[in-house]
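All remarks here apply to the structure that follows.
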Amino acid sequence: MKNMKYLIGFLLLSTGCMDVVDFYLGIPLQPVADEDGFIPGLNLFGIIRPDSTGEYNNSFILLQKVIPAIGSNDSLDIGTAIVWVEELNGMNSRHDFLLTDHNHVFSEKGYRPDKEFRPKAGDRFFVECAIRELPVLTATTIVPNAPVLLMHTLRVSDNSLSFEIQADTTIFMLDVYVYKAGGLAAYQRLPGEQGSNTLVLLSSLQSGTDSIDLYGYDEKMATYYMTANTSLNFNKYRESFSTVENGYGVFGAMNHARFYLPE
Amino acid sequence: MKKIFIILRRFLILFLLTGSFPATQGQLLTISGYVSDGKTRETLIGATVQLKDENKAAVTDGNGFFSIAGLRKGEYTLVISHLGYHEKEIAVIMENKGIVLKDIHLDPAPLSLEEVSIIAPRSNEIADRAIEASHIQLTPKMIQSIPTAGKDVFAAVKYLPGIDRTEPFSPLYTVRGGDPGENAVMLDGVMIYNPYHSSITSGIFNTMTIKSVDLLVGGFGAEYGGRNSSVMYITTIDGNPNELHGEIEPSTFYSKLFLEFPAGKNASMMVAGRYLYDIVTNFIFQSQNYFYDYNLSYTNRINNRNRLTLKYFESKDYTGYNFNTFYRYFGNTFNTELYDDFELDQRNDWKNRAATLIHKLIVSPGVYVRNQAYYSSHRSENYSGLDFRLSAPEDDGDTIQLQWQSKNRLGSEITDMGLKSTVSVKLANFSELKAGIEYNAYAFNNSIAINDIDNGSFERFPSLLALFVEDKITAGRFSIRPGIRATNYNNSTWMYEPRINAAIQLPGQMKLKLAYGEYLQYIISMNSAEIEMTQIVDYYYPLGDREPGKSVHYIAGLEKSLSASLFVSIDGYYKENPRVYAFDMNNYFGFSERIQQGNGNAYGIELLINGKVRNVSGWISYSYARARRQYPDSEINDGKAYDFDYNRPHTFKSVLTWQMTPTFALNTSLVLLSGIKRSIENTMQSYYYYDPVTNQTAFFPMYTTNRKNGARMPPVINLDLGIRKELLSGLGKDLADFLKADESYVTVTIRNILFLYRNVEFYIPGSGIPGYGDKYIPFGSNYLPSAGFSYTLKF
């Protein structure tokens, strides 16, 4: 009985102590929301690209869901969803994307197409992702052209490199990788100019660069990367990242070209 | 435009000729001059000059100049008075023409305990300041009396009604629901861009150099323009032409110096500077954080009609926080390997410069001309970078790649070269005409890189020509000042800003004030608060072909004197903003596409009691305010209206000083504020990073929201205490005597004296933290009381 008193006293005290700590830290002072703004939905990251690894195309889709910021013990992961991509080329061929890594051809599992999926520049695609209890997510994208490096604009010096990428209305963002002897010498991401050639200027380079990889992204991917607010910030207007319908995330496309520098 | 110049020239010639004609029987005359401190020779603002046994008086303006018109030939006695000075009487004989007196020097008088007050002296006469509906004057004494203001103008103004800070750790302020970029800050007539220090989130102006601060928080007259919300006009000291004086506040990391001294016949100089080197953060983060600012002033009182002043100001800030070294101090306490691929870097680097040449000329007793040329520049480069990577094994044997990367850089350069000329004409006691012209040539260079993608930069070289005219007409108890400001931006069409102020002296020591004004703003601020942890500066951006931002003010105020030294006022305002601009950093590419046009409004009511009762002086204020914005054709809040970012419906502020003895004063400041609206996150969503070379992804769960300002923060309570003690004995006094200082004192500041933690700066969702998954975890900066100490020498 005496021990029970001590136990009850301890419980009350510890509960009280925690309350005191909470009170001092301000835990009870919760913000008052005008309304509950959480909207459930799938969160997609999907990219269509023309190249392949072996006999499998490199396109893939990753799916999670969004969860409330507080008050939820749920996970971002979902079970297996139904995902299909339709080519909007008049023939409307539909491809099911299955959750696989194609027997370790790829290092991560994702929703991937079969061997017949062969996208190319100019193709338009529609995606639909469905899982029970969440809205059906849809989106479209267009595969951009492969970026073109205008070789006559290439200027190479001991520690700098400049060149122009041909203007292209299908390319909205570019990744530039410069290599030397198989190793990465420089990287730059820049917006794709719509009405004029894109000037690339890389300085502080070691001499001997031998090749350049250019990756061009469609408008959806460019919007996702160029406008997302990923800053280390609190309670600022950080909009959900979304270029899709009835959900979150991005369904975009890219293309790639490699150029070898003259010796 | 040519026609306007012709009209102005004709008016000027007419008034000049009228002023210089000899008087004939019945013609009215004018007497004018400067009033200054007999010891320091600083011109006195707000000194009363009254004609004995006559119903005529004037109050010295911001230049220390007064003018009384409507006099006939005869003998008069001028009675000049100002709080803290012996009253003086001067006999004058008005003969055939007006008189410009030699400088009138008032001798300082020791204040009795009852007279010591932190409140600026007021006059019951209807004079220039008495007509402004929303005009607050701050003295250095007021600034110093606020315990936690740190003797800083920008910290002090936030204790005034209608003025609030923006976000935590930011020196920016908002006035009556306006953007921080809508506030003009002028130093002796020079527009200063971003007059802030980042290290101590304060202003760049050394209080030791300040003579007065005039805040026009709405309904200001046609003389001022370019900003839609408020004008802060800071007047600095010219220097003592008779003897050396100064003040030193030495410290191990934050030192201040002020000197004023004669520089030739009728000339004086003032030199002041501050330097801070942040030892603590430099030790912890191994970064060089510092700032300095300095003022130089040279004034030549050529004769009693001519004054020439040259002023120069410069400030530099650098703060850099690199958190990579921070974790070394924890040893094995935390899993520091977690931070091997972790970079968190913040750098702010900016510089301000201003130079001006001012010529003041009394053309004739009723005509006063002020000409000014100036240069003002600001350059800033701010960077925040985060790069975090982690491979985490999962239960099923897979490995997830976590990554959070954000690199943002904003750069801004402004150069402003201006010429302006103002003429004040007072030939009849019922009218004071003021007209002016100002020309500004600007150079802007802005650059942005968001998410490490260079969005480019642009240069622009606009110009702005402004003309204004206003006339203050007084008839008995009624005073009205209509005016108009005409502006031409970049040689385009002329635009007009009508303004009108009126004041009516009512029975029972009451005064009614009314104001209406239209305001245009051609240079806006790129709001970066959403992509910077704290927005410390305004990134000024000149509008090109777009119409200027516009605001219309309607103000009504009632003032009453409860006693000779206690006053109460109540102001109501409504501000309509038919055209406002915001930068949407996160939905568009390129500079010009990001500018979104919208509208808004703000309204409120402010009650202020200020003055002195016995040995207690200060002010108490309460205000109720609301403000809304909407950008209909934009992605901002999906085009829907929302509560303005910094709006607080209820604010209570009190600053009181108890002068317990002539050498000991106790200062307190108490603020009770509604919480502001913030965009509290309600969703967790993974953001993906993609490597096209390896065709692999990494992600990081982030908190987002689709509702701007969708939640209100809890109220804010702050009670701080300050003690100021003049040293009469002990080590401090001995040191002062050794250094031949006239005075030495210590100040002690105690923040958060009642252990009130309630000032939440921001929240982080508690999901994932056991026991707090359904709560937001608050973070604040004021949990424990803290104390500060300083020692000052005056000589």
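The values are calculated or read from the model by the stated rules, or taken from the named source; none is laboratory data. Please read these numbers as outputs of a predicted model, since none were measured by experiment. Please note: Cβ atoms are built from the backbone with ideal geometry, for glycine as well, and neighbour counts cover all protein chains shown.
Descriptive notes on the structure:
- So A:SER72, is it modelled with pLDDT under 85 and closer than 30 Å to B:ASP774 by Cβ: yes
- Filter result for B:THR697 (in a strand (DSSP E or B), at pLDDT 95 or above and buried (at least 19 other Cβ atoms within 10 Å of the Cβ)): no
- Contacts under 8 angstrom Cβ, first residue in the range B:769-785 being of a type in the set (A, V, I, L, M), partner surrounded by fewer than 16 Cβ atoms within 10 Å (Cβ to Cβ) and at pLDDT below 85, 6 or more apart: B:ILE777/B:ILE769; B:LEU784/B:PHE755
- Among the residues of the range A:110-135, those identified as over 29 Å from A:THR169 (Cβ atoms) and either exposed (fewer than 15 other Cβ atoms within 10 Å of the Cβ) or not assigned by TED's automatic domain parsing to the domain that holds A:LEU63 (or both) are A:ASP114, A:LYS115, A:GLU116, A:ALA130, A:ARG132, A:GLU133.
- B:HIS650, sole failed condition from (1) touching a Ser or Thr at 6+ places or on another chain (Cβ under 6 Å); (2) closer than 30 Å to B:PHE789 by Cβ: (2)
- Qualifying residues in the range B:665-701 (those that are of a type in the set (A, V, I, L, M, F, W, C), more than 7 Å from every other protein chain (Cβ to nearest Cβ) and in contact with a Ser or Thr (Cβ under 8 Å, 6 or more places away or on another chain)) - the one nearest to A:GLY46 (Cα to Cα): B:PHE699
Every residue, every condition in (1) closer than 30 Å to A:THR209 by Cα; (2) in contact (Cβ under 8 Å) with a residue 60 or more places away in the chain; (3) hydroxyl-bearing (Ser, Thr, Tyr), yes or no:
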residue: A:PRO113; (1), (2), (3): no, no, no
residue: A:LYS120; (1), (2), (3): yes, yes, no
residue: A:ALA146; (1), (2), (3): yes, yes, no
residue: A:LEU149; (1), (2), (3): yes, yes, no
residue: A:LEU154; (1), (2), (3): yes, yes, no
residue: A:ASN159; (1), (2), (3): yes, no, no
residue: A:THR169; (1), (2), (3): yes, no, yes
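- Boolean, B:PHE458 is within 30 Å of B:ALA529 (Cβ to Cβ) and touching a helix residue (DSSP H, G or I) at 6+ places or on another chain (Cβ under 7 Å): yes
Residue-wise test of (1) touching a Phe, Trp or Tyr at 6+ places or on another chain (Cβ under 7 Å); (2) facing chain A (nearest Cβ under 10 Å).
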site	(1), (2)
B:ALA741	yes, no
B:TYR745	no, no
B:VAL748	yes, no
B:PHE762	yes, yes
B:PRO770	no, no
B:GLY773	no, yes
B:TYR791	no, no
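- Residues located in the range B:219-243, provided they are farther than 21 Å from B:ILE45 by Cβ and in contact with a Ser or Thr (Cβ under 6 Å, 6 or more places away or on another chain): B:ASN228
- Restricting the first member to the range B:73-96 and to residues that are without any contact (Cβ under 8 Å) to a residue 60 or more places away in the chain and of a type in the set (Ser, Thr, Tyr), and the second to residues that are surrounded by fewer than 16 Cβ atoms within 10 Å (Cβ to Cβ) and not in a strand (DSSP E or B), the beta-carbon pairs closer than 6 Å and six or more apart or on different chains are B:THR77/B:LYS52; B:SER81/B:GLU87; B:TYR85/B:ALA109.
- Taking the criterion of being small (Gly, Ala, Ser) and within 14 Å of chain B (Cβ to nearest Cβ), the only residue of the range A:115-168 that qualifies is A:ALA146.
- Within the range B:702-734, considering residues that are part of a helix (DSSP H, G or I) and without any contact (Cβ under 8 Å) to a residue 40 or more places away in the chain, the one farthest from B:SER679 (Cα to Cα): B:ASP734
Yes/no per residue for (1) closer than 30 Å to A:PRO50 by Cβ; (2) aliphatic (A, V, I, L, M); (3) crowded, with 22+ Cβ neighbours inside 10 Å; (4) over 29 Å from the mean Cα position of the chain (by Cα):
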{"position": "B:ALA625", "(1), (2), (3), (4)": "no, yes, yes, no"}
{"position": "B:ARG628", "(1), (2), (3), (4)": "no, no, no, no"}
{"position": "B:ASP638", "(1), (2), (3), (4)": "no, no, no, yes"}
{"position": "B:PRO649", "(1), (2), (3), (4)": "no, no, no, no"}
{"position": "B:PHE652", "(1), (2), (3), (4)": "no, no, no, no"}
{"position": "B:THR657", "(1), (2), (3), (4)": "no, no, yes, no"}
{"position": "B:SER679", "(1), (2), (3), (4)": "no, no, yes, no"}
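- Among (1) more than 14 Å from every other protein chain (Cβ to nearest Cβ); (2) touching a helix residue (DSSP H, G or I) at 6+ places or on another chain (Cβ under 9 Å); (3) within 27 Å of B:PRO180 (Cβ to Cβ), the one test that B:ILE448 misses: (1)
- Matching residues, the range A:81-107, being within 23 Å of A:GLY41 (Cα to Cα) and in a loop (DSSP other than H, G, I, E, B): A:ALA81
- The set of residues in the range A:169-178 that are more than 9 Å from chain B (Cβ to nearest Cβ) and in contact with an Asp or Glu (Cβ under 9 Å, 6 or more places away or on another chain) comprises A:THR170, A:ILE171, A:VAL176, A:VAL178.
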